[in-house]
1. Among ILE136, VAL46, LEU117, which residue has its Cα positioned farthest towards the positive end of the charge dipole of the chain, with +1 placed on the Cβ of Lys and Arg, -1 on the Cβ of Asp and Glu, and the dipole taken about the Cα centre?
2. If ligands, DNA and RNA are left out, what is the accessible area of ARG75 with a 1.4 Å probe, given in Å² to the nearest 10?
3. Quick check: with the 1.4 Å probe, what order do GLU131, GLU14, GLU74 take by accessible area, largest first?
4. What's the ranking of 107-114, 30-37, 211-218, 47-54 by average number of surrounding C-beta atoms within 10 Å, highest first?
5. Normalising by the residue count of the chain, find the relative contact order in percent from Cα pairs under 8 Å and 6+ residues apart.
6. Specify the inter-centroid distance of the range 16-74 and the range 112-164, based on alpha-carbon positions, in whole Å.
7. From Cα pairs below 8 angstrom and at least 6 apart in sequence, can you work out the relative contact order of the range 1-140, rounded to a whole percent?
8. Could you check how much of the accessible area of the range 32-149 is carbon and sulfur, as a whole percent, using a 1.4 Å probe?
Amino acid sequence: MKSAIVLFPGSNRENDMAAALEAASGTKPAIVWHGDSDLPKVDLIVLPGGFAHGDYLRCGAMAAHSPIMRTVVERAQKGTPVLGVCNGFQVLTESGLLPGALMRNASLKFVCRDVHLKVENSQTLFTSRYEQGQVIKVPVAHGDGNYFADEETLNRLEGEGRVAFRYCDARGRVGDGAAPSAVANDNPNGSIRNIAGIYNETKTVLGMMPHPENAIEAALGSTGGKALFDGIAAALG
């Protein structure tokens, strides 16, 4: 599997993501600067976590207008899988590849800790190595991870199986998802309906706030993210 990671000024998880992709696929990913307009021919494009352009304006808003994003959008529309994690998720919403927006955490504080996620759809190239309803543990690290969309969009995401992951407790129980009470029921940011990650219409674009690349080794505290990368490599290898 050939992959490329887009590097923005302010990205800080590109090396973690590269290590996870190489461990799963055996191939070192290409690192592509945001100011470039060309992408190598790859099977997967990744937008990593960090603080692109210092998170000025809205998180991901400036990055969404980088020259490389025109190519990323074109490739995604032609079917090339795209994974956006944390800041990458924000860039995906700002570029229009995913609906909704990521707002300030309901607590108005930066949150950095492990969370539990419930796998809502295991029938995609990203989640095929998980079981439906499986609970995994991965870390979050963000100040603007509060997912929001209008009711019509939310109902469409739910009805089309486009909710990828939902925040839950260790037993898979999901709270009511209503801020501010959501902050106390295992939803770290107040995301509406406890949504932690979503797909596009064809389920070839995944955006998620938690960091699976930091949960691939037991020494790091969890292996909850390993199956995501193993599944991607198996599907695209």
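1. With unit charges placed on the Cβ atoms, the residue in question is ILE136.
2. Probe radius 1.4 Å; accessible area of ARG75 about 60 Å².
3. Sorted by accessible area, descending: GLU131, GLU74, GLU14.
4. In decreasing order of mean packing, 107-114, 30-37, 211-218, 47-54 become 47-54, 211-218, 30-37, 107-114.
5. Working: 591 pairs, mean separation 48.8, N = 237.
Relative CO of the chain lands at 21 percent.
6. The distance from the Cα centre of the range 16-74 to that of the range 112-164 comes to 21 Å.
7. Dividing the mean separation by the residue count of the range 1-140 yields 20 percent.
8. Here carbon and sulfur together make up 51 percent of the probe-accessible area.
The values are calculated or read from the model by the stated rules, or taken from the named source; none is laboratory data. Here the structure is a predicted model, which means the values were calculated and not measured. Positions of Cβ are backbone-derived with ideal geometry, glycine not excepted, and every protein chain shown enters the neighbour counts. Ligands, DNA and RNA are excluded from the accessible area calculation, which covers all protein heavy atoms including side chains. Shrake-Rupley method; radii C 1.70, N 1.55, O 1.52, S 1.80 Å.
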